Amino acid sequence: MNTNQLELLSSSKVLVTGAAGFIGSNLCEALLESGSTVVGLDNFATGHKKNISELEKHANFTFIEGDIRNLDDCHKACNGVNYILHQAALGSVPRSINDPITSNDVNVGGFLNMLVAARDAEVKRFIYAASSSTYGDSKSMPKVEEKIGKPLSPYAITKYVNELYADNFKKTYDLDTVGLRYFNVFGRKQDPNGAYAAVIPKFVMQLMEHESPVINGDGSFSRDFTYIDNVIQMNMLAIVTDNNEALNNVYNTAFGERTTLNELVMLLKEYLSDFDSEIAKIDVKNGPERRGDVPHSLASVDKAKSLLGYNPKFDIKSGLKEAVKWYWDNLK
Ligand SMILES: NC(=O)c1ccc[n+]([C@@H]2O[C@H](COP(=O)([O-])OP(=O)(O)OC[C@H]3O[C@@H](n4cnc5c(N)ncnc54)[C@H](O)[C@@H]3O)[C@@H](O)[C@H]2O)c1
């Protein structure tokens, strides 16, 4: 980043919604390190107090416990804010299949509240967590931003509706937005517990406990697993870019390589074996395929590279090594 961009970060007040969650808490930390004043908003639906306990010691951090389904909470959180990194949502495809109404209330109703509050507060830019699930049943590979399919889950619908609303708020109210379509993000602080835990932290915890991970399907499904630091970089670039062409766009936020579930488990076993050699001997089980799962996911990150100057530093191997070490040091 150049001097102007660093100055912009250190002189800005940024609202991070979903601040007690995995991605939100990491974004808060990175922003505070860059000198920004940070407001965090969260209702602890899936986030944790421990994720913000260190942040709360920081003089430039304010936390608001509130719900994005409540417009007053959104207005309060947006007060005096220059940029918004909107992360609050109910993640997980299976959760949305089990309870589409709550996923819709939070992910669509809450999103709309946040857009309205951002417009009213006249924030400079509304940057939001979109999702690779928007590619739905599209068979094209790698995924390019302009070519999407039909959504395969209620969750995917909510994330696509976010993009439609963001686009419309530019046209209707001249609110600048940037959507970041995250592809299977992983790394420190991602929750390994609960029925809707993501595959990497769940498998890491199981392997550390000497339990066999269960792969849904035959393990040939693949994902563009993306380390958290690449996601932080994209959010920072979306804040600091002075390229007008880059605004009011959506971007794949990924590394740009795909890994099958079978390969993923092999890597996890290999890296965890450095801490506990018994882990290398653990067998893997296979279960039924999950409804709503996209078989393969691989991003083209060319658009982010050319318009935002994205330069991801962590591939799956270097990211997994960092993540595994963090889980071993913090949760073993
Ligand atoms: N992790 C991924 O791989 C991934 C992939 C694609 C998109 N995303 C999106 O990124 C964002 C962050 O995901 P994450 O992985 O950090 O999940 P997370 O569950 O760790 O974080 C989400 C946070 O939002 C908060 N939240 C939920 N409902 C809320 C409400 N009504 N009001 C206020 N706060 C609320 C939760 O308490 C939680 O702290 C989400 O929008 C998610 O849909 C994540």
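Just so you know, all these numbers are worked out from the coordinates, no wet-lab data involved. Note that this is a predicted model, so its numbers are computed, not measured. Heads up, the Cβs are rebuilt from the backbone with ideal geometry, glycines too, and the neighbour counts pull from every protein chain shown.
Ratio of Rg to Rh for region 1-131: 0.97 [Cα atoms; Kirkwood radius as inverse mean 1/r over pairs]. Name the residue, out of Pro288, Pro142, Pro154, whose mean-square fluctuation peaks in a Gaussian network model built on the chain with Cα pairs under 10 Å. The residue with the greatest mean-square fluctuation here is Pro288. Charges were assigned to the Cβ only: +1 to each Lys and Arg, -1 to each Asp and Glu. The resulting dipole of the chain about its Cα centre is roughly 340 debye.
By the Stokes-Einstein formula, at 0.692 mPa s and 37 °C, region 52-196 with its Kirkwood radius over alpha-carbon pairs has D equal to 200 µm²/s. Dividing the convex hull volume of the alpha carbon atoms of region 111-209 by its residue count gives 140 Å³ per residue. Kindly state, to the nearest 0.05, the FRET efficiency for Asp174 paired with Tyr196, given R0 = 56 Å and r defined as their beta-carbon distance. Efficiency at R0 = 56 Å is approximately 0.90.
For the listed residue pairs Lys50/Lys321; Lys124/Lys325; Lys76/Lys159; Lys139/Lys171, the alpha carbons are over 28 angstrom apart in Lys124/Lys325; Lys139/Lys171. Summarising the amide proton neighbourhood of Gly136: residues at separation of 5 or more, or on other chains, whose placed amide H is nearer than 5 Å comprise Gly149, Leu152.
Label-to-label distance for Val214 and Glu7 is 5.8 nm, based on points extended 7 Å past Cα in the beta-carbon direction. Here is how the number arises for the chain: DSSP H runs of 4 or more residues each give -39500 (n - 2.57), the sum is divided by the residue count, and the result at 222 nm is -11500 deg cm²/dmol. Judged by the ratio a/c of the largest to the smallest principal axis of the C-alpha gyration tensor, region 260-312 counts as oblate, that ratio being 1.5 or greater while a/b is no larger than b/c. Extension gain for the segment Thr62 to Asp315, taken as residue separation times 0.36 nm less the Cα-Cα distance, is 87.8 nm to one decimal. Toward the positive end of the charge dipole of the chain, with +1 on the Cβ of Lys and Arg and -1 on the Cβ of Asp and Glu, the farthest Cα among Ala166, His210, Gly149 is that of Gly149. Helix 22-33 axis versus longest C-alpha principal axis of the chain: approximately 60°, rounded to the nearest ten.
Only one residue of Ser96, Thr241, Tyr83 has its Cα farthest out toward the positive end of the dipole of the chain, where Lys and Arg carry +1 and Asp and Glu -1 on Cβ, and that residue is Ser96.
Shape annotation for region 77-149: C-alpha extents along the principal axes are 43, 30, 13 Å, from largest to smallest. Taking Cα atoms only, the orientation of helix 228-240 departs from the longest principal axis of the chain by about 10 degrees.
Close amide H pairs (under 5 Å, H built 1.01 Å from N) link Tyr182 with Ala130, Ser131, Ser132, Thr253, residues at least 5 positions away or on another chain. For the chain, taking the reciprocal of the average inverse distance between every pair of different Cα atoms yields a Kirkwood hydrodynamic radius of 20.1 Å.
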